[in-house]
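Right, I'll just put the structure down here and ask away after.
The values are calculated or read from the model by the stated rules, or taken from the named source; none is laboratory data. The model shown is predicted, which means the values in this text are computed figures rather than measured ones. Here the Cβ positions follow ideal geometry from the backbone for every residue, glycine too, while neighbour counts run over all protein chains shown. For accessibility, only protein heavy atoms count, side chains too; no ligands or nucleic acids. Shrake-Rupley method; radii C 1.70, N 1.55, O 1.52, S 1.80 Å.
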Amino acid sequence: LTFDFFHIIDILGTFSFAVSGTSSAMRKRLDIFGVLIIAFVTSIGGGTLRDVLIGNTPVAWLRDNTTINVILVASICTVFFGTYIKRFNHTLFIFDSLGLGLFTIIGIQKGMELHFLPGVCVALGTVTGCFGGVARDILLNEIPLIFRKEIYASACIAGGSVFYLLHSMGTDERVAQIVCITVIVVIRIIVVRYKLSLPSFYRKKDFL
Amino acid sequence: LTFDFFHIIDILGTFSFAVSGTSSAMRKRLDIFGVLIIAFVTSIGGGTLRDVLIGNTPVAWLRDNTTINVILVASICTVFFGTYIKRFNHTLFIFDSLGLGLFTIIGIQKGMELHFLPGVCVALGTVTGCFGGVARDILLNEIPLIFRKEIYASACIAGGSVFYLLHSMGTDERVAQIVCITVIVVIRIIVVRYKLSLPSFYRKKDFL
Amino acid sequence: LTFDFFHIIDILGTFSFAVSGTSSAMRKRLDIFGVLIIAFVTSIGGGTLRDVLIGNTPVAWLRDNTTINVILVASICTVFFGTYIKRFNHTLFIFDSLGLGLFTIIGIQKGMELHFLPGVCVALGTVTGCFGGVARDILLNEIPLIFRKEIYASACIAGGSVFYLLHSMGTDERVAQIVCITVIVVIRIIVVRYKLSLPSFYRKKDFL
């Protein structure tokens, strides 16, 4: 059952990251294959970097067709029903946050399986959750979004730390997972709703 | 003999990708080592990412000096005879397309050896063929060319799919290789000759 | 003792690269986590790429907390004492050059342990020394500094070649290391002091 829960959210996360990649690529008016590649990179970037760093190769998406098919479907849906999907921005946002949460958890759990230290596990979770979006922004030649808007990496690190704490305190794994995802989703909703940003630590012209 | 054929085209492809990297770097007026590094990355980027993804490490160019030497020679030739080489643009274009074709085939065949599924093999071939140019454009701080001009990735995916089909239908490997390279070269020639681009699927102001 | 020497300079190098990453990120006014991530990438980028290329996974910084802690401390110090640290620009420059030298040596020695050929070893050293800064500049959406200012990669390649030569001539390892670092530091000081750059090999409008 845990597997199913994971598997379903994994697919939802992949789907939603692919939708977000497709939208970004269409905003830059790339051709259809450019759009597919950006969708692909956004979806698999985080997990791929994690697998490469820990030496878990061949990386996950090479081992079966599910990921590729989910991305193709998500991308084609977005291309054809783009204007409709834009109305579901809230749904997408939730999916994206769910995906972020789950990918973070997967990263942390892989780290724990390999007996890495706490800080390392959280770093690995953050890499898994965030790198897809970073790679998308690099390819589209922008300063990665996570450095500019929305408290993306911060939500990830917060949720990941909570998960690690709960898990190491012996909390049931599934409970810890749900709490972690909730933390990430709630932080992101509050941030976007109230247009929060991290307190600026810059004095005027400090570093120019 | 197959080995020789492969080996020769591999070197030609490496050479031609190095020339294209050197030209791009010189257009940005980098210093000599910047130029060498861009040439290097353009040539080995695709194969390196492929080897890292499938866990085939140390990656190929670490194992002998051939690749490094070919790149050095190509780069130095381009620096000194740049204005002459520009006259051979058509020759370069052919080499570049040959290289693209061959690198794509190598990627697909590695995938098949590891019994990956068809879509995965074509994706791996595309990565091998295209990533060098993508890395070059990222380093030079441009939106990767494959997303903007020339139907690069598309040619790659088309040729790769043909190769996979022929090969799995039991066609002689060498024939399948030649057909694949021909498909890629011909698509690129037609595209550049007639200034084609993929049909735009954007309605006005759809995604701005 | 060699280990201690190495270990101390390694930590100094990591620290200094983290300071340089933090400064760059603050110049772009990223939020606090953006700053941490850039500091992190600058410090571990080179060693990570090296380990991934040679298949030495999980990569070094996953195996213990030292690196992460050093980077956190360096980054927080820079954030709080930024204006003071700017007065120590010369100290930082020395640290940065020391780090560059040491990371280059570590890369080369890993290559020699694996019996790679000379050119390959120097390339691996250069990757280890330079990639952190390259990744930082890519994330901050700039043409990597090493292609524009200061003879960074060139110093690296020069120092690395000297080290390889001395080492293969049977010179005591520690002596070779110190000579290599000295070469790199001295080249960089001379270059910055006298505002040198590599001779331009561009004729007017050659490649525009």
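Quick one: which residue in A:THR78, A:THR66, A:THR14, A:THR42 is within 23 Å of A:ILE108 (Cα to Cα) and more than 17 Å from the chain's Cα centre (by Cα)?
Residue meeting the stated conditions: A:THR66.
Of everything in the range A:137-163 that's open to solvent by 50 Å² or more (accessible area, probe 1.4 Å) and modelled with pLDDT under 70, which residue is nearest to B:ASN141 (Cα to Cα)?
A:ARG148
When both residues are 6+ apart or on different chains and their Cβ atoms are under 9 Å apart, which pairs have a first residue that lies in the range C:157-175 and is within 14 Å of another protein chain (Cβ to nearest Cβ), and a second that is not in a helix (DSSP H, G or I)?
C:ALA158/C:ILE151
Give the range B:167-208 a look and list any residue that's among the acidic types (Asp, Glu) and at pLDDT 80 or above, or say none.
B:ASP172, B:GLU173
When the range A:49-78 is examined, which residues are found to be outside any helix (DSSP H, G or I) and among the acidic types (Asp, Glu)?
Of everything in the range A:49-78, just one residue is outside any helix (DSSP H, G or I) and among the acidic types (Asp, Glu), namely A:ASP64.
So B:GLY119 fits all but one of (1) within 30 Å of C:LEU139 (Cα to Cα); (2) without any contact (Cβ under 8 Å) to a residue 60 or more places away in the chain; (3) open to solvent by 10 Å² or more (accessible area, probe 1.4 Å); what number is the exception?
The one condition B:GLY119 does not meet is (1).
Could I ask something else about it? Please state which of the following conditions C:SER16 fails to meet, knowing it meets all the rest: (1) within 24 Å of C:PRO144 (Cα to Cα); (2) at pLDDT 85 or above.
Every condition holds for C:SER16 apart from (2).
Evaluate the range B:55-64: report whether one residue or more is charged (D, E, K, R) and surrounded by 19 or more Cβ atoms within 10 Å (Cβ to Cβ).
no
With touching a residue at least 12 places away in the same chain (Cβ under 8 Å) and under 22 Å from A:THR48 (Cα atoms) as the only criterion, which of B:THR14, B:THR48, B:THR22 stands out?
Among B:THR14, B:THR48, B:THR22, only B:THR48 is touching a residue at least 12 places away in the same chain (Cβ under 8 Å) and under 22 Å from A:THR48 (Cα atoms).
Across the range B:26-35, what is the total count of residues that are within 22 Å of C:THR128 (Cβ to Cβ) and at the interface with chain C (Cβ under 8 Å from one of its Cβ atoms)?
So the count comes out to 5.
Exactly one of (1) modelled with pLDDT of 85 or more; (2) closer than 16 Å to B:VAL41 by Cα; (3) crowded, with 18+ Cβ neighbours inside 10 Å is unmet by B:ASN69. Its number?
Looking at each condition in turn, B:ASN69 falls short on (3).
Also, quick follow-up: Report the residue count in the range B:11-31 for those that are in a helix (DSSP H, G or I) and open to solvent by 50 Å² or more (accessible area, probe 1.4 Å).
Of the residues in the range B:11-31, 4 are in a helix (DSSP H, G or I) and open to solvent by 50 Å² or more (accessible area, probe 1.4 Å).
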